[in-house]
């Protein structure tokens, strides 16, 4: 494998782990003090899902970029579509459940989703701007 790919991927993993831990701690703090509900998904499930998907999708873009492909817009759009599809699959048990108020659970999932998406877009754009 390409040395540059491995270096960028390991650097991204460290930053992603730090970002995930900080965001998780802030999110759990807010839920502990301001939310009285119990949620369908444990918070750590949501963060593991987002971390793995973000790492995988950045890895795909990084791999294509490391192999000399500069036109990665299609790969990025496909990976974003894949991420949305996987998010729906993750939420499917909640959506099919008999739970009355699903809105809090959906917000509990999609707020970190957009933070992770922003994180991913920032690092992909910085990857492309280095050239």
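The values are calculated or read from the model by the stated rules, or taken from the named source; none is laboratory data. Nothing here was measured: the structure is a model prediction, and the numbers come from that model. A quick note on method: Cβ atoms are made from the backbone with ideal geometry, for glycine too, and the neighbour counts reach across all protein chains shown.
Looking at the range 98-114, which of the residues that are crowded, with 17+ Cβ neighbours inside 10 Å and modelled with pLDDT of 90 or more is nearest to the chain's Cα centre (by Cα)? Walk me through how you get there before you give the answer.
The initial filter retains those residues of the range 98-114 that are crowded, with 17+ Cβ neighbours inside 10 Å, namely 105, 108-109, 112-113.
Within this subset, residues satisfying the condition of being modelled with pLDDT of 90 or more are 108-109, 112-113.
Numbers: 108: 14, 109: 11, 112: 8, 113: 6 Å.
Among them, the one singled out is 113.
Would you say residue 65 is farther than 21 Å from residue 103 by Cβ and in contact (Cβ under 8 Å) with a residue 40 or more places away in the chain? Yes; evaluated as a whole, the condition is true for this residue. Exactly one residue out of 27, 32, 50 is more than 20 Å from residue 2 (Cα to Cα) and at pLDDT 95 or above, and it is 50.
Of these, 57, 117, 95, 91, which one is within 15 Å of the chain's Cα centre (by Cα), part of a helix (DSSP H, G or I) and farther than 30 Å from residue 11 by Cβ? Give the steps one after another, and end with the answer.
Working: 57 fails: farther than 30 Å from residue 11 by Cβ; 117 fails: farther than 30 Å from residue 11 by Cβ; 95 fails: within 15 Å of the chain's Cα centre (by Cα).
The conditions single out 91.
Scoring residue 67 on the criteria (1) within 20 Å of residue 9 (Cα to Cα); (2) modelled with pLDDT of 90 or more; (3) exposed (fewer than 14 other Cβ atoms within 10 Å of the Cβ) leaves a single failure, condition (2). Note on the range 1-40: residues that are surrounded by 10 or more Cβ atoms within 10 Å (Cβ to Cβ) and outside any helix (DSSP H, G or I) total 5.
Checking the range 73-80 against the condition returns no match, with no residue being more than 17 Å from the chain's Cα centre (by Cα) and assigned to a loop (DSSP other than H, G, I, E, B).
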